[in-house]
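**Student:** Structure incoming, see below.
The values are calculated or read from the model by the stated rules, or taken from the named source; none is laboratory data. No experiment lies behind these values; they were computed from the predicted model shown. Backbone-built Cβ (ideal geometry, glycine too); neighbour counts: all protein chains shown.
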Amino acid sequence: MPSGKVKWFDAEKGFGFLSQESGPDVYVHSDALPEGVTTLKAGTKVEFGIAQGRRGDQALQVRVLDAPASVTRNQRNAQRKQPEAMVTIVEDLIKMLEGVEETYRRGRHPERAAGRGTAKVLRALADELDI
C-alpha cells in the first residue's frame, strides 16, 4: 500500500493532495478519509490505495499513520511572549507587509523568498495571538 504525507487539504472544498514517498502527487477527496475524519493537516503521514481517476491518480481508503503535533497546542503549554517583544514582531510584520503591498501596487507578485518570510512571520504572530 503506498504511503506519503498530506501536501494540503481544504476541508471546505473537500479535497487535497498527498505526496507519495516515490511517485507523483495523488488527489484525495473527503470521501476517501476514515470515518469521523473531516480534514487532514499538512504533513500528516498516511497510507492509501490508488485508483486511476478521470484526471489521474486518486487516493482511496486513506489511513492516518501519524499526525504532526499541533503548533498551537505546544505553544499553549509555553509562556506567552512579553508585550514588549510582541511590539517588535508586529512592527517588523507591518514593514514586511508594506513591502508586499508596494510590490502588488507595481503590478507584480512578491518574490518567493519575500513571500515565504512574510508568511512565516504571519503564522508566528497568528500562533501567538491564538494562545
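**Student:** If Val62 passes every condition in (1) within 28 Å of Ala124 (Cβ to Cβ); (2) touching a residue at least 12 places away in the same chain (Cβ under 8 Å); (3) surrounded by 13 or more Cβ atoms within 10 Å (Cβ to Cβ) but one, which one does it miss?
**Tutor:** (1)
**Student:** So which residues in segment 100-118 are out of contact with any Leu (no Cβ under 8 Å at 6 or more places or on another chain) and surrounded by 13 or more Cβ atoms within 10 Å (Cβ to Cβ), if there are any at all?
**Tutor:** Within segment 100-118, Val100, Thr103, Pro110, Ala114, Gly115, Gly117 meet the criteria.
**Student:** Taking segment 12-41 only, how many residues are in contact with a Lys or Arg (Cβ under 7 Å, 6 or more places away or on another chain) and modelled with pLDDT under 90?
**Tutor:** Summing the residues that are in contact with a Lys or Arg (Cβ under 7 Å, 6 or more places away or on another chain) and modelled with pLDDT under 90 in segment 12-41 gives 1.
**Student:** In this structure, does Val100 turn out to be at pLDDT below 90 and under 25 Å from Asp127 (Cα atoms)?
**Tutor:** no
**Student:** Inside segment 103-131, can you point out the residues that are assigned to a loop (DSSP other than H, G, I, E, B) and at pLDDT 85 or above?
**Tutor:** Arg106, Gly107, Arg108, His109, Pro110, Glu111
**Student:** Can you name every residue in segment 1-19 that is among the basic types (Lys, Arg) and in a loop (DSSP other than H, G, I, E, B)?
**Tutor:** Lys13
**Student:** Scanning segment 1-11 for residues that are over 12 Å from Phe48 (Cβ atoms) and modelled with pLDDT of 90 or more, which turns out surrounded by the fewest Cβ atoms within 10 Å (Cβ to Cβ)?
**Tutor:** Step by step, filter segment 1-11, then rank; the result is Asp10.
**Student:** Consider segment 20-36. How many of its residues are surrounded by 15 or more Cβ atoms within 10 Å (Cβ to Cβ) and assigned to a loop (DSSP other than H, G, I, E, B)?
**Tutor:** Total meeting the criteria: 2.
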